[in-house]
Amino acid sequence: MMPTRRKERLIALIILATLLFTPPLLLVTERLGPGALTLSVFLAWAAVIALAAWLLEGGRRE
Amino acid sequence: MSWRSEATVLAVAFGYLALLFLIAAWGDRRAERGRSIIGSPTIYALSIAVYCTAWTFYGSVGRAAETGPSFLLIYLGPTLAMLLAPFVTRKMVRIARAQRLTSIADFISARYGKSTGLGALVALIALVGITPYIALQLKAITLSHAVLVDYPEATGGTLENAPFWADKSFWVALVLAVFIILFGTRHLDASERHEGMVAAIAFESLVKLTAFLAVGAFTVFVLYRGPGELFARVAETPALLEVLGLAAVPGGALGWVGTLALAFLAFLGLPRQFQVMVVENVDERHITRAAWLFPLYLLAINLFVMPIALAGLLGDAGGNPDGFVLTLPLGTGAEGLPLLVFIGGLSAATGMMIVETIALSTMVSNQLVMPLLLRARLLPRGGQGALAGWVLGVRRLAILAILLLGYGYHALVGDAYSLVTIGLVSFAAAAQFTPALLIGLYWRGANRMGAGLGLTAGFVLWAWTLLIPGFAQSGWLDAGFLTQGPFGIEWLRPYALFGLEGWDIYTHALLWSLVANVGLLVGVSLFTRQSSLEQTQAALFTEALHPRLDQASLGHAGHTPRGELRALLDRYLGAATTARVFAEEPDQDDRHPASPALVARGERALAGALGSASARVLIDSVVRGEALDLPALLSILDTTSETLEMNRRLEQKSRELERAGEALREANERLRELDRLKDEFVAMVSHELRTPLTSIRAFAEILRDHRDLPDDKREHFLEVVVRESQRLSRLIEEILDLARLESGRLTLHPERLDLAELARRGVEAMQRPLEERGITLEVAFEADAAPVIGDPDRLEQVVINLLDNAGKFADATAPRVRLTLARHKRGFRLAVEDNGAGIAEDERERVFEKFHQIQHQDDGAPRARPRGSGLGLPISRGIVAHLGGRLWVEDAPTLGGACLVMELPEAPDDDAAPPTPPTAPASPAAE
């Protein structure tokens, strides 16, 4: 069973990822210039994966 | 010999397929020996990467070239879905394992009361929706092969003039059919894992990733000197900059959200993803690793998509953007890399076809064909294991049929679509399964009627808004109905249903099909009843993670002779499987009724081979009486969940009570301690007062009773009486001081004074008494003047007390005491040290306790020391604290014994007003 606190953090991460992957946040990054949207999606994507890895792997040692 | 000659390419391609056979055979052999190679979370994550098909490999670049960053959505959706996997997929794996479910059709059918009709419907939708997707893989193989061999001549990629046996993808389809029959239908039980196949799929995932990264690195670092140069070139071409923004995405922001939702739902509903994630899962814990590792794979394989697309558009490649991955390296004259890319594309295509075909063939045989054969009583009567061969035969035929169907679609219709169009149309079909799947997992009230109607409506709307318009666009239907609607009815126009115009076609189709699908599923479920079996299955699914749910204990309550059950299993599964099912209860008579657990085991074994719906039908044919004891199950679930909830609350309450109890115990302990201290204090005060009183009384009585005492004796006795009286009054004074300090009523008269002057006075006062006791007193003033705010009398009392105290504890043979005064930061430190034994670390605070010193002396000091009241230090600390300073013990820096340090803040300048004395209770300040 996953500890409750880890579940809560994972759900928060899913919400964060959804926000990062969709407008209106994306519209903000698009205004930064051509290519900024694609770049920001990649950065957000990498950050979400890193957080998920930290959460799901680190938690195992708790 | 050229790397790109027909013969070389064919040899490499079929050589690669042969390698897959070897890997799969190796995987299966290892599994038979009990040394599984797929029992690793990394292999599991790599097998999920079967999601990345030829569509990803070639189509992503094409999509990026045409619609900018929207290609990312196809991978961001699954990323979100995988983050949910520890919740959703885990539950699905648990259920599929408990009920031996073999496909997504079986899963949905089982959830809604093991409904044969629903299973068939899902299988049918999957077949119609996914066949184009298989065709797409074959098309990619044909096209990439043509590009590789014919470059630089433009290739039409059409098959119109060529016979089917000249098309390489036909042969690839046949080889794959052999592969899948060999490694996908080894076991009759489809719920058993295909270890060899999974190993081959994981290997294919590595190959396609390597190939794509290689061509990406080649484009960025060989064609251009790094991303900087590539993007500088792009920046010079304004038309290309537009490809990078949201404006290039069909439907803009709305289209973005729609495609993201589509990819999310399709990922959960695609039969092949269900196959690798749920059916082939060997360990639930692998899901946790895959939840981030698979998204990482997706990120890696997409890293170079945009650069390749931009490089292709910059004019270095030309032709169809779907082929940039090949034409870019071909354009430079490279030969080995294009071949590697071709193999990467081949691995992406074959991986998808293998898994998808296994999933579809299981669905077709278990949900469509076998129920029909059972119902029509077309199966031959026969003895042991007679039907096992039939089941496998049906599945193998289905494999061949599905691949040929895919090939036929590719040969007849395939040319009319781009890769992306076919892919997204299939996605929208698969997305129709997700509502019944997800809602069924979490809402017990969802029922068969609702799911069936929802799926049907979703499927019809999908066909109307995406599939049929595709036929119209390829010229098979009159294109006029796209613009004017059927029979001129405008609001039925497929791309603007009910007048909803301006949306991209996929978001449009997804919206209408999902609204109908979810709306009917929920709405109908709310107004219709579930059968008892549906209720049981709904409860088993929604409560699958329930810690006490033991599905094995929920069996049939009817009466079935063991012999009949044995005969049934023998016929369909063969003797070996039957023996395994009966292994736990071997010694009973076959005329006895089978236990509910045995019937449940038998049904699960049948479900693994035939699907849950057919298994149900067969078991019902031999079981007489009530099927499952539903009320008992529901009450188990309800009572256990209630009990669990109650237990949880009780645990919480008891934890709170425990905390409260602990606090009370501590408070009580403290009160006892205070009471004990009070008693001790009173006892000590009485003792301290009695000692001088006893002497005074004794000497006074001697003087009264012996009036003829010599003068010198009388004088000595009177001196003693006076000295003891002084000691008594000093003691009483100290006790009163302490009481005043502790109650906060001690009145101080603070004024500006020189601590150095005051210390000198203290030293003068103590010089003689210390000398008389043989103690050497050293003084070191590092500050000439030390202005502080203090009560001069009280501070002098403190200094004298410290000196007196140090004298008592100095070394017995050569006692030394040293007083130093120095500036420290914004204050002054007066330290008095001795050369005695020092004070242990844990004793340092206790010396400030009342009467502590007396105990210390009683503990057996090496020599008799002048007695004190034991109140000096507590009083001193109280006074110093009252004046805003501190008093503590540390190691003596020079003499090596104990050192008592008093610190007082420096007084402000003369013109500043003297501070008012603190009014807070002056309990001895802790450091």
Sole exception among (1) surrounded by 13 or more Cβ atoms within 10 Å (Cβ to Cβ); (2) in contact (Cβ under 8 Å) with a residue 12 or more places away in the chain for B:H749, by number: (1)
Some residue of the stretch B:529-538 being assigned to a loop (DSSP other than H, G, I, E, B), modelled with pLDDT of 80 or more and among the polar types (S, T, N, Q): yes
Any chance B:V222 is farther than 30 Å from B:A359 by Cβ and away from chain A (no Cβ under 14 Å): yes
Residue pairs meeting the criteria (Cβ under 6 Å; at least 6 apart or on separate chains; first surrounded by 18 or more Cβ atoms within 10 Å (Cβ to Cβ), in the stretch A:30-56; second part of a helix (DSSP H, G or I) and of a type in the set (S, T, Y)): A:L37/A:T29; A:S40/A:T29; A:L56/B:T288
Tally of residues being of a type outside the set (A, V, I, L, M), more than 30 Å from B:A232 (Cβ to Cβ), under 15 Å from the mean Cα position of the chain (by Cα) and within 8 Å of another protein chain (Cβ to nearest Cβ) across the stretch A:12-60: 2
Any hit, the stretch B:270-277, residues being surrounded by fewer than 22 Cβ atoms within 10 Å (Cβ to Cβ) and either in a loop (DSSP other than H, G, I, E, B) or at the interface with chain A (Cβ under 8 Å from one of its Cβ atoms) (or both): no
Total residues in the stretch B:30-60, condition away from chain A (no Cβ under 14 Å), assigned to a helix (DSSP H, G or I) and farther than 23 Å from B:P86 by Cβ: 9
Test: B:V798 is in a helix (DSSP H, G or I), among the β-branched types (V, I, T), in the same structural domain as B:L895 (by TED's automatic domain parsing) and crowded, with 21+ Cβ neighbours inside 10 Å: yes
The stretch A:1-11 - residue that is more than 9 Å from every other protein chain (Cβ to nearest Cβ) and free of Cβ contacts under 8 Å to residues at least 40 places away in the same chain and, of those, surrounded by the fewest Cβ atoms within 10 Å (Cβ to Cβ): A:T4
Meets criteria (surrounded by 21 or more Cβ atoms within 10 Å (Cβ to Cβ), touching a Pro at 6+ places or on another chain (Cβ under 7 Å) and either in a loop (DSSP other than H, G, I, E, B) or within 14 Å of chain A (Cβ to nearest Cβ) (or both)) for B:A359: no
Number of the exception - B:R723 against (1) surrounded by 13 or more Cβ atoms within 10 Å (Cβ to Cβ); (2) in contact with a helix residue (DSSP H, G or I) (Cβ under 9 Å, 6 or more places away or on another chain); (3) within 30 Å of B:A907 (Cβ to Cβ): (3)
Residue that is over 33 Å from the mean Cα position of the chain (by Cα), exposed (fewer than 11 other Cβ atoms within 10 Å of the Cβ), modelled with pLDDT of 80 or more and assigned to a helix (DSSP H, G or I), where the choices are B:A683, B:A663, B:A605: B:A663
From the options B:A253, B:A247, B:A300, residue that is within 22 Å of the chain's Cα centre (by Cα), within 14 Å of chain A (Cβ to nearest Cβ) and among the small types (G, A, S): B:A300
Sole residue being more than 28 Å from B:M82 (Cα to Cα) and either assigned to a helix (DSSP H, G or I) or assigned by TED's automatic domain parsing to the domain that holds B:A429 (or both), chosen from B:G258, B:G345, B:G319: B:G319
Pairs, first at positive phi in the stretch B:471-494, second not in a loop (DSSP other than H, G, I, E, B), C-beta under 6 Å, six or more apart: B:G485/B:L492
Flag if B:G77 is part of a helix (DSSP H, G or I) and away from chain A (no Cβ under 13 Å): no
Members of the stretch B:110-121 found to be buried (at least 24 other Cβ atoms within 10 Å of the Cβ) and out of contact with any Leu (no Cβ under 7 Å at 6 or more places or on another chain), listed by number: B:R111, B:S115, B:L118, B:G119
Criterion (free of Cβ contacts under 8 Å to residues at least 12 places away in the same chain and of a type outside the set (V, I, T)) met by exactly one of B:A18, B:A25, B:A31, B:A65: B:A18
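The values are calculated or read from the model by the stated rules, or taken from the named source; none is laboratory data. It should be emphasised that the depicted structure is a prediction, and the values quoted were computed from it without experimental measurement. So basically every Cβ, Gly included, is an ideal-geometry build from the backbone, and we count neighbours across all protein chains shown.
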